[in-house]
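Let me begin by handing over the structure; questions about it come next.
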Amino acid sequence: MTKFTFTLTAVIALSTTIALGGEWIIFSEELPPGADLGLRGDSQFVVSDSHPCRGANHLVRDFATWGDWAWITGIMNLNLDLSGIDFDTAYLEFYIDGGTTAIGYLELRLAGPAWDPDFQTTSVTVDDQPGYELFQVMLKDFTYNGAGAANLDEFTGGTGMIDRISWGFGAAGDLFVDEVRILDAAGGVAALASNPDPADGAYHEDTWVTLSWKPGQGAVSHDVYLGDTLDVVNDATRDAEEFRGNQMEDYYVAGFPGFAYPEGLVPGATYYWRIDEVNDADPNSPWKGDVWSFSVPPKTAYDPTPADSAEIAGTTVTLRWTMGFGAKLHTVYFGDDYNQVNDAAVGVPTGSASYNPGPLEEEKVYYWRIDEFDGMGTFKGDVWTFTTPGAVGNPQPANGATDVAMDTTLTWTAANNAASHQVYLGLDRDTVRSADTGSPEYGGPKALGDESYDPGLLELGTSYYWRVDEVYNGKTVKGPIWTFTVGDFLLVEDFESYTDDDAAGQAIWQHWIDGFGIADNGAQVGYLMPPYAERTSVHGGLQSMPLLYANETGVTNSEGVKTLTTLRDWTQAGVNELSLWFRGASGNAAAPLYVAISNSAGSPAVVAHEDPDAVTGSTWSEWRISLSAFADQGMDLSNVDKMAIGLGSKSGMASADGSGTMFIDDIRLYRR
């Protein structure tokens, strides 16, 4: 078997107290403030949502080698105060999945101040089978040079503080870690029910179900909660309708007479359930469980291919879908007119969940609908749509996008033969679909060449629907319906609009002005040769800004400055925080990082990053700045003219000679 050495070089956690006793959550859904996942530039963990043990996120190895080893950096900059725990009973707890790669042994190293002492253990062995395993390692079992600590002071170097956790291993392979905690009493994640069946979020193709789970450690009985509303099930207590009783068995049947939903589960419905583990001998009982869900497939067809509002690459396509619950026959309706497809009563029957409509035309918007027959009745399906090459398309924000800026401008690519456009935007899909030029959803005509629409400030957390009709040859062709959901921020800069066409004024260094020709500015924005923007190391989207600094030979400051043409009012929508993401490198010379904003009257307001070594971090880190930090310096936030990002003396902090490269991305204003 391959041996994987896990070196716990950095523990980071939130200090939290819950009913289970002292519990410090190191990682569950997101990193605590000040924490990051980078220690070495060659290998590290990243946060992902592709394979969590529970919840939405987990840690996944971003693999790279260094010599004969691949050192996995975990979580650092914790400064976790464990001084209140009982060292004899405290333990580290985490879930780990080695994927399909065998892991021979696990080493954990806890480090106190100045990395001394470093405690390790090789007591954990992870199998090579898919699926998460729970591990609990007593802190007193960690050793330093073969000797264990006698007490907490010795374990933490006399400070009570834990600083870092990391994992390392000696071969390639998948590795996932989730729910990392330190506890000083029995309980924690291990006390909770786990491994739900049906799996969380799964489809269950029947009108009755046997719910089962893995009991938590110490559980004697189980409180079962089941209902059809997430918040209600999450908040339910034993006197609620959703409480299905306390029982000894680790399963529960629903959908049969005498049980919950005796008339059967409803096709198309989603059900939520929760298991609280009970042990009356433990004062911490019951332990409230996670809320899981499962859905019964609808009677109508779902999950279309091509996806709704997709743009296909050619003029041939086979339509596919997932058949509705109990469906025995499908009827296909297909055409290029929405109303005809929606209202059609006669279609093409088929016994399989696929249909080939034959050769299609370019620059077309096509619509299709699937009705399902289950032997007892017919269920009308939704109308789906797709476009062929040359039709209106490429919506921005992308169809289905979430976390869209409140100040977004809508753009699209015109159809090949379009002469002009008509734009519609609203809060209801069907209303936008049926809207015409006399409707309040109509955003007005747009000339060819102006494929954009500014709807003004959009509402936080709201889903919008929009369409663009193309006008040519005296005919209006209705476009597909696109949708997006607004986040809680205003976008200052995402660096996505810049190109390599400097002749057209679209290069990044033509908008973020660097030190070229300026005596005391050692900055270079972008690269000397195309591509000018960074396209490999990015936080979001496809590009970030490279900011090269050289505070040398008498130069003490390096910055890039952008004159704002939009979003100059930093007081609108209740925003109160500036956020930007940055990444440095271990080889960067230490230099204070700062942000400065200014307007036509008065001196710039400057805020420096609190960590003087931030530029040496090799992972993406978010920097949040309260806007009051600028306002307190006399800055009029309602009329911000320029923004600068730099390194050096302008920060007001001492700066030694040296150079390096920073990457900047996703600058936003948040309402918190």
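Pull up segment 368-378, narrow it to residues that are touching a Gly at 6+ places or on another chain (Cβ under 6 Å) and part of a strand (DSSP E or B), then point me to the one that is surrounded by the most Cβ atoms within 10 Å (Cβ to Cβ).
Among residues in segment 368-378 that are touching a Gly at 6+ places or on another chain (Cβ under 6 Å) and part of a strand (DSSP E or B), the one surrounded by the most Cβ atoms within 10 Å (Cβ to Cβ) is I370.
Another question, then. Only one of (1) outside any strand (DSSP E or B); (2) closer than 29 Å to E311 by Cβ fails for T483. Which number is that?
(1)
Which residue out of L319, L265 is over 32 Å from the mean Cα position of the chain (by Cα) and of a type outside the set (K, R)?
Sole residue among the options that is over 32 Å from the mean Cα position of the chain (by Cα) and of a type outside the set (K, R): L265.
Could you please let me know if P440 is of a type outside the set (V, I, T), without any contact (Cβ under 8 Å) to a residue 60 or more places away in the chain, assigned to a loop (DSSP other than H, G, I, E, B) and closer than 20 Å to S309 by Cβ?
no
Quick check: anything in segment 599-610 touching an Asp or Glu at 6+ places or on another chain (Cβ under 6 Å) and assigned by TED's automatic domain parsing to the domain that holds F663?
yes
When both residues are 6+ apart or on different chains and their Cβ atoms are under 6 Å apart, which pairs have a first residue that lies in segment 543-572 and is farther than 21 Å from T409 by Cβ, and a second that is hydroxyl-bearing (S, T, Y) and in a loop (DSSP other than H, G, I, E, B)?
From segment 543-572, the pairs are N551/S655.
Being within 32 Å of the chain's Cα centre (by Cα), farther than 30 Å from A596 by Cα and either without any contact (Cβ under 8 Å) to a residue 40 or more places away in the chain or outside any loop (DSSP other than H, G, I, E, B) (or both), is that true of even one residue in segment 468-480?
Yes: one or more hits.
Output the residues belonging to segment 261-282 that are hydrophobic (A, V, I, L, M, F, W, C) and farther than 27 Å from Y302 by Cα.
Hits for segment 261-282 are I275, V278, A281.
Would you mention how many residues in segment 648-672 are part of a strand (DSSP E or B) and not acidic (D, E)?
Residues flagged as part of a strand (DSSP E or B) and not acidic (D, E) within segment 648-672 amount to 12.
Residue by residue, here is whether (1) of a type in the set (D, E, K, R); (2) more than 15 Å from R467 (Cα to Cα); (3) within 36 Å of the chain's Cα centre (by Cα) holds:
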| residue | (1), (2), (3) |
| --- | --- |
| L329 | no, yes, no |
| E363 | yes, yes, yes |
| F386 | no, no, yes |
| G390 | no, yes, yes |
| D407 | yes, yes, yes |
| W412 | no, no, yes |
| D428 | yes, no, yes |
| S434 | no, no, yes |
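Can you tell me which residue among A629, A550, A596, A585 is at negative phi and in a loop (DSSP other than H, G, I, E, B)?
A585
Would you mind stating whether V538 is in contact (Cβ under 8 Å) with a residue 40 or more places away in the chain, surrounded by 20 or more Cβ atoms within 10 Å (Cβ to Cβ) and part of a loop (DSSP other than H, G, I, E, B)?
Criteria met by V538.
Considering only residues that are in contact with a His (Cβ under 9 Å, 6 or more places away or on another chain) and either in the same structural domain as E372 (by TED's automatic domain parsing) or under 17 Å from G227 (Cα atoms) (or both), look in segment 259-288 and name the one that is surrounded by the fewest Cβ atoms within 10 Å (Cβ to Cβ).
It comes out as L265.
The values are calculated or read from the model by the stated rules, or taken from the named source; none is laboratory data. From a predicted model like this one, the values you see are computed outputs, not experimental measurements. Cβ: placed from backbone, ideal geometry, glycine included. Neighbour counts: every protein chain shown.
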